[in-house]
Amino acid sequence: MEIYELSVHELLEKLDKNEITKEEILSSYQNRINEKENDVQAFITITDTEAKEQFEKEKNNPSKLAGIPIAIKDNICTKGVKTTCASKMLENFVSPYNATVTEKLNEAGIISLGKLNMDEFAMGGSTEHSYVKKTKNPWNLNKVPGGSSGGSAAAVAAGMVPWALGSDTGGSIRQPASFCGIVGLKPTYGLVSRYGLVAFASSLDQIGTLTKDVKDSALLLNVIAGHDEKDTTSVNKPKEDYLQVLTNNVKGLKIGVPIEYFGEGINNEVKDSINQVIEKYRELGATVENCSLNVAEYALATYYIIACAEASSNLGRFDGIRYGYRTQNYQNLKDIYRNSRSEGFGAEVKRRIILGTYVLSSGYYDAYYKKAQQVRTLVKKEFAKNFAKYDVILTPTSSNVAFDLGSKINDPLEMYLADLCTVPVNIAGLPGISVPCGLNSEGMPIGFQLIGKPFDEAIILNAAYTYEQNTDFKTNKPQFKN
């Protein structure tokens, strides 16, 4: 196997045996970026020079991860490097500080190879809403990679980086992971600091990992998890070693499968793959039963009301005066506000700002936003009721596989429906992981999702790892078909 095909834990094993060097690892990934970036279009900024400089500094770092490459979604602040959120509004913004997760990567000696493409301000499910470029799915270059962390998922799937950071507001890590045939982990809200993550919807956003396999997810979560006094939503709890929980044993595990996620709108090939996952878990000794999440039908509407309301508030700062792009076409202050926002934001961001402003406006707040927050409480209670009986909940990650580029760009409601299986996890602040479980008849990846109790990452990581170890889906490789 080529170096760029290896997982991080495999790279570390080869380093321990002196079979490869850290210089060879860095060179392999930089060459792979040069080879595949024109096809995949995953990066907004490539930091070759900075990576080499950082690599030299890390030569004496005792961390076992020192010198291992990574790439970072472009809404996570990186000092001295552009953080654009894939928007014209921030196209020239160079962050003066690092996000907490970036600092943690630096402390571990992990080398950033650049910033990854995304839907503008993380609003979208296909990475087609980027101001900069449209990222392609490495399995088929005519398909979307998913979104909003599509650049992160595509870069890992294409072997341009061994792992990446993304953010997940309603499925933006798990859905592209499913579309690109890799592992995507959205941690419990509050486990990983959001300090330095450019906010979309503050009560829903969570930084997480995109990796080649589950063991790498545990390894990277060990690096980025932990309390941060700079983030008031960060939870102060004892550090956990997530590598130690990977036992390859699910005997006695109780898994609930909500019947609502197998009805109309779920692709038949996706259903078939999930049913095979269920049988595999039973074969491995887990108890799998049907259950009900009877608020699932309301979760999507609830999510989009809350997310858009918070987006309209968070993006109010980008007005041409305080932050971001300023129009050259103005005669007065009102023109600056209007034209800067009209020219600086893309269509999807404007759509969500308008919707969010509407649901927060006088006369509509109680009917929409307040009601959505009440339903959010019901969603949490419904999960809690199921978790009183089950250790984990299993669903499809997405109702379908990766779709054709351009096929849904003009139909936002159709695009929103792709989040049906993932948004309840963010509404309730729970951990969720997407794991590859097959290919459809076109050779496109299918993923399944495991949802855990708050801060029960150990349980879902081990359940995902056990499935992965007893199947061979992680050996499937992208074809780069046109």
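Tabulated results
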quantity: Residues that are closer than 20 Å to GLY252 by Cβ and under 17 Å from the mean Cα position of the chain (by Cα), drawn from segment 449-463; calculated: LEU450, ILE451, GLY452, GLU457, ILE460, LEU461
quantity: Pick from segment 304-318, criterion open to solvent by 10 Å² or more (accessible area, probe 1.4 Å) and within 23 Å of the chain's Cα centre (by Cα), ranking: nearest to LEU394 (Cα to Cα); calculated: TYR304
quantity: Filter result for the condition that a residue is basic (Lys, Arg) and surrounded by fewer than 17 Cβ atoms within 10 Å (Cβ to Cβ), over LYS73, LYS64; calculated: LYS64
quantity: Scope segment 1-38; condition closer than 16 Å to SER112 by Cα and in contact with a Lys or Arg (Cβ under 7 Å, 6 or more places away or on another chain); matching residues; calculated: TYR4
quantity: Residues of segment 452-482 that turn out to be within 17 Å of PRO187 (Cα to Cα) and either assigned to a loop (DSSP other than H, G, I, E, B) or not charged (D, E, K, R) (or both), as a count; calculated: 13
quantity: Test: residue in segment 196-206 that is small (Gly, Ala, Ser), in contact (Cβ under 8 Å) with a residue 40 or more places away in the chain, open to solvent by less than 10 Å² (accessible area, probe 1.4 Å) and in contact with a strand residue (DSSP E or B) (Cβ under 9 Å, 6 or more places away or on another chain); calculated: yes
quantity: Of the criteria (1) under 25 Å from CYS85 (Cβ atoms); (2) out of contact with any Asp or Glu (no Cβ under 7 Å at 6 or more places or on another chain); (3) crowded, with 22+ Cβ neighbours inside 10 Å; (4) among the charged types (D, E, K, R), which one LYS212 fails; calculated: (1)
quantity: Enumeration of residues in segment 405-432 that are of a type in the set (Val, Ile, Thr) and either more than 19 Å from ILE173 (Cα to Cα) or in a helix (DSSP H, G or I) (or both); calculated: ILE409, VAL423, VAL425, ILE427
quantity: Test: residue in segment 404-418 that is out of contact with any Pro (no Cβ under 6 Å at 6 or more places or on another chain) and under 16 Å from LYS280 (Cα atoms); calculated: no
quantity: Count of residues meeting criterion [among the polar types (S, T, N, Q), open to solvent by 10 Å² or more (accessible area, probe 1.4 Å) and touching a Lys or Arg at 6+ places or on another chain (Cβ under 8 Å)] in segment 108-163; calculated: 2
quantity: Answer from TYR390, TYR416 - the residue that is open to solvent by 10 Å² or more (accessible area, probe 1.4 Å) and modelled with pLDDT of 95 or more; calculated: TYR390
quantity: Which numbered condition GLN449 misses (of (1) at pLDDT 95 or above; (2) assigned to a loop (DSSP other than H, G, I, E, B); (3) in contact with a Gly (Cβ under 7 Å, 6 or more places away or on another chain)); calculated: (2)
quantity: Any strands (runs of 3 or more DSSP E) falling wholly within segment 1-118 and containing at least 2 residues that are at pLDDT 95 or above and β-branched (Val, Ile, Thr); calculated: 43-46, 69-73
quantity: Residue list for segment 293-318, filter: in a loop (DSSP other than H, G, I, E, B) and modelled with pLDDT of 95 or more; calculated: PHE318
quantity: Residues satisfying the stated conditions in segment 166-206, i.e. touching a helix residue (DSSP H, G or I) at 6+ places or on another chain (Cβ under 6 Å), under 27 Å from ASN476 (Cβ atoms) and either modelled with pLDDT under 95 or among the aliphatic types (A, V, I, L, M) (or both); calculated: ALA177, ILE182, VAL183, LEU185
quantity: All positions within segment 397-415 that are in contact (Cβ under 8 Å) with a residue 12 or more places away in the chain and either under 10 Å from ASN142 (Cβ atoms) or in contact with a Lys or Arg (Cβ under 7 Å, 6 or more places away or on another chain) (or both); calculated: THR397, ALA402, PHE403, ASP404, LEU405, GLY406, PRO412, MET415
quantity: When residues of segment 243-292 are limited to those that are open to solvent by less than 30 Å² (accessible area, probe 1.4 Å) and part of a helix (DSSP H, G or I), the one farthest from PHE179 (Cα to Cα); calculated: TYR281
quantity: Members of segment 319-335 found to be part of a helix (DSSP H, G or I) and either open to solvent by 40 Å² or more (accessible area, probe 1.4 Å) or closer than 17 Å to ASN426 by Cβ (or both), listed by number; calculated: LEU333, LYS334
quantity: Test for LYS59: is it within 30 Å of SER126 (Cβ to Cβ), open to solvent by 10 Å² or more (accessible area, probe 1.4 Å) and basic (Lys, Arg); calculated: no
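The values are calculated or read from the model by the stated rules, or taken from the named source; none is laboratory data. Keep in mind that what you see is a predicted model, and the values were worked out from it rather than measured. Neighbour counts are summed over all protein chains in view; Cβ atoms, including those assigned to glycine, are modelled from backbone coordinates with ideal geometry. Ligands, DNA and RNA are stripped out before the accessible areas are found, and what is left, the full protein with its side chains, is counted by its heavy atoms. Shrake-Rupley method; radii C 1.70, N 1.55, O 1.52, S 1.80 Å.
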